[in-house]
Amino acid sequence: MTAILPAIASGMATAIDAGDYDGQQANLGMMTASVDHLLHMSRDRGLDTGQLEAIKAVADRAIAKGHGADDWASTIEVLKVNKD
């Protein structure tokens with residue numbers, strides 16, 4: 001699993017730099033549903049869900065801004081600090 005992380009990070013960086021969040025292979029709406037399932041299972045087992053809750057909150061904000069059909073890299077759009 002860790003062997004593919006550099007390629008994933010590189011692909012996300014390219015997408016972010018280009019502002020192109022093509023979600024044809026996997027979209028944020030689908031991936032957020034998976035995070036929600038993990039949250040429910042973790043809560044049922046008494047596990048700490050703080051990190052999953054934070055991830056889901058960011059994804060939910062991105063979906064609310066219209067990125068549900070985009071890929072995970074689109075979450076950067078709600079993480080950017082407005083420098084104006």
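The values are calculated or read from the model by the stated rules, or taken from the named source; none is laboratory data. Computed from a predicted model, the values in this text were never measured in an experiment. Neighbour counts are summed over all protein chains in view; Cβ atoms, including those assigned to glycine, are modelled from backbone coordinates with ideal geometry. The area values use the complete protein model at the heavy-atom level, side chains included, leaving out ligands, DNA and RNA. Shrake-Rupley method; radii C 1.70, N 1.55, O 1.52, S 1.80 Å.
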**Item:** Restricting segment 42-55 to residues that are open to solvent by less than 90 Å² (accessible area, probe 1.4 Å) and over 19 Å from Lys80 (Cβ atoms), the residue that is farthest from the chain's Cα centre (by Cα)
**Value:** Gly46
**Prompt:** Does segment 27-60 hold any residues that are touching a residue at least 40 places away in the same chain (Cβ under 8 Å), in a helix (DSSP H, G or I) and not aliphatic (A, V, I, L, M), and which are they?
**Reply:** Gly29
**Complete:** Residues of segment 27-37 being open to solvent by 80 Å² or more (accessible area, probe 1.4 Å) and under 23 Å from Gly11 (Cβ atoms), in sequence order, are Met30
**Message:** Filter segment 59-74 down to the residues that are touching a helix residue (DSSP H, G or I) at 6+ places or on another chain (Cβ under 8 Å) and surrounded by fewer than 14 Cβ atoms within 10 Å (Cβ to Cβ) and list them by number.
**Reply:** Lys65
**Request:** Any residue in segment 1-26 that's open to solvent by 80 Å² or more (accessible area, probe 1.4 Å): show its pairings with residues that are not in a helix (DSSP H, G or I) at Cβ separation under 7 Å, as long as the two are six or more apart or on different chains.
**Result:** Asp22/Asp71
